[in-house]
Structures are given as structure tokens and as C-alpha cells.
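J.: Following this message is one structure expressed as C-alpha cells.
The values are calculated or read from the model by the stated rules, or taken from the named source; none is laboratory data. As the structure is a computational prediction, the values presented were derived from the model and not from experiment. Here the Cβ is made from the backbone with ideal geometry for all residues, glycine too, and neighbour counts use every protein chain on show.
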Amino acid sequence: MQTICDQLNAARTQLFFERWMRHIPTPLTAADRAGGYWWELSMRQIEMSRTIVFDAPRRARGFFEAVVADNLDIGRPDEVKVIFGRKQIRSNTRSEFATKVVTRGTDVTINAFYKHSRIKQYLKEGRALRIETVINSPTDLRVNRRLTNLAELVDKARMANRRLLECQRAGQGCAIEAALWERISQPSLQEGQRTVALRFGDPRAMALTGALCIGLLSVVGFTNKTLRGLVTQLLDRPYTRTQMTYDLRRLRLLGLIQRLPKSNTYVLT
């Protein structure tokens, strides 16, 4: 599909234009054209889109709901200049910097405006994240209007889509991934063995994860004994070696820790 779309370039558009100009009546004659007078194509509006399909609709909805909540300020000058790759000074720019959220039924669209152009984002058919950069004036991105500059404008519009995604990915990077959360918070079958879930709010599970957080900066890793001491302090009740062995196995099967070869030392994944 992308290969087919890429075939719509400046050269093919020019051929399409020339073919129709042989049939459409114009006030210019063949002599006028021989003298250098003729019609020339320029770009009025170019839209470059990108669609990312999620493997599950619920994850698409979860991500987009977080995007809407966290990106109500993408229309601000300091955000727009990152997305469009332009250095902006508000006092020198005759345009409104704004974010517009449009709701039609259950469908929500986020719009960020830059001069005559905009970038919008919405959820398509409940499972695909759609990003569209609409350039209403190529000079907004310092590209001339002539059709020969189409490739340059397409590259800059694609970069705007990519930068927006990078900003949002960085913003959501601190959140626990939905698939990971499901794997550790619900019973599962790992390596052919049934694994008990780490229940959020359970005192033992909270003490265990708290002890792992304390050991985040440990370069040499941790053992049954060292981690057991931290868990005991946080749990504030007896916590045996057998319990620690059971929890280490559970953490390993859940993919949160791994055992170093030929040793009793573990490290976080």
C-alpha cells in the first residue's frame, strides 16, 4: 500500500495535468506556449497521514484516552515548534496558537494549529491511531509552492507526524504497559508452570515490589538473603527464606527478574 501511495509523486501529477490540458479549452494558444506562456501547477493543500493499528481495540482506546488527557497543550508555541521543527517567536508570528478538541458522539479529535496548517489525531474505527498533518500553505514549512517541491514538503510533513508520536511515546513511557500489567497482576501460565499473580494492594506484593525498587541501582544484583532483608523491613512481619524462594520464582516466571548463570544472584530485567 505504501509503495502504491509513493507513486503519486510530482512527475506523475504533472503528466496527469498535461494530459488534461490537451482537452480543456484555454485562452492560451500553441504560439503562446511556444513563447513561454503557459499554466503551471502549484500546491494548495497537502495532507500527509499515518495510521498505526493496535493489536487490541482496548489498548488503542486506553492509549488514546491518555493521549487526549496529556496533550491538551500541544497547540502551545513551545510544543508546536517541536512537532513542526520550527523555531517560533510568538510576537513575530501572525497566527493563533491553540489546541482544539472536537467531540462527535464518542469520537474525539485533537487539533493543533500552526499558521495556516494543522496536525490532528483521532482514533479510527476504534483500533487505529490516525495522525494527519494538513499543510494549507507550503510556505508555513519554508517550502515553495511549485509542484517540483512536493517531495520536500512530503518529507517535512512526515517528520511532523513522527515527532508528534515521539513526544507522545516519551510522555507515556513512564506508564506501565497494559500487557505487562495484565501479565503480572493476573494468574498466568509461564514456561508451562502456573504463576500466581502479584496483586496490587496486597501487603506482601507491595513490600516485594518496593524492595525491588530500592535495589534498582544495584550493579551487582541481589540474592535471596539481601532481598529478604529489605522485604522484611517493609512488610514489618516475619518473612521466611522459603517465602523468599517462592517469590523469586514468581518474579522470574513473570519476567521481572533473571538469574545470572551459575550463581544465586538475580538482576532486574
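J.: Which pairs have Cβ atoms under 9 Å, sit 6 or more apart or on different chains, and link a residue in the range 42-66 that is under 18 Å from Ile110 (Cα atoms) to one that is aromatic (Phe, Trp, Tyr) and assigned to a loop (DSSP other than H, G, I, E, B)?
T.: Ala60/Phe54; Arg61/Phe54; Phe63/Phe54
J.: Could you check the range 203-217 and list, in sequence order, the residues that are exposed (fewer than 15 other Cβ atoms within 10 Å of the Cβ), touching a Leu at 6+ places or on another chain (Cβ under 9 Å) and either aromatic (Phe, Trp, Tyr) or part of a loop (DSSP other than H, G, I, E, B) (or both)?
T.: Leu216
J.: Checking the structure you have, find out if any residue of the range 172-181 is among the β-branched types (Val, Ile, Thr), at pLDDT 85 or above and surrounded by fewer than 15 Cβ atoms within 10 Å (Cβ to Cβ).
T.: Scanning the range 172-181, I find no residue that is among the β-branched types (Val, Ile, Thr), at pLDDT 85 or above and surrounded by fewer than 15 Cβ atoms within 10 Å (Cβ to Cβ), so the answer is no.
J.: Report yes if some residue within the range 232-252 is outside any helix (DSSP H, G or I), among the hydroxyl-bearing types (Ser, Thr, Tyr) and over 13 Å from Arg204 (Cα atoms); otherwise report no.
T.: No.
J.: Then there's this: Which residues, counting only those in the range 1-32, are over 29 Å from Leu153 (Cα atoms), of a type in the set (A, V, I, L, M) and part of a helix (DSSP H, G or I)? Spell out how you get there, then give the answer.
T.: Residues of the range 1-32 over 29 Å from Leu153 (Cα atoms): 23, 25-32.
So of that shortlist, the ones also of a type in the set (A, V, I, L, M) come out as 28, 30-31.
The answer is Ala30, Ala31.
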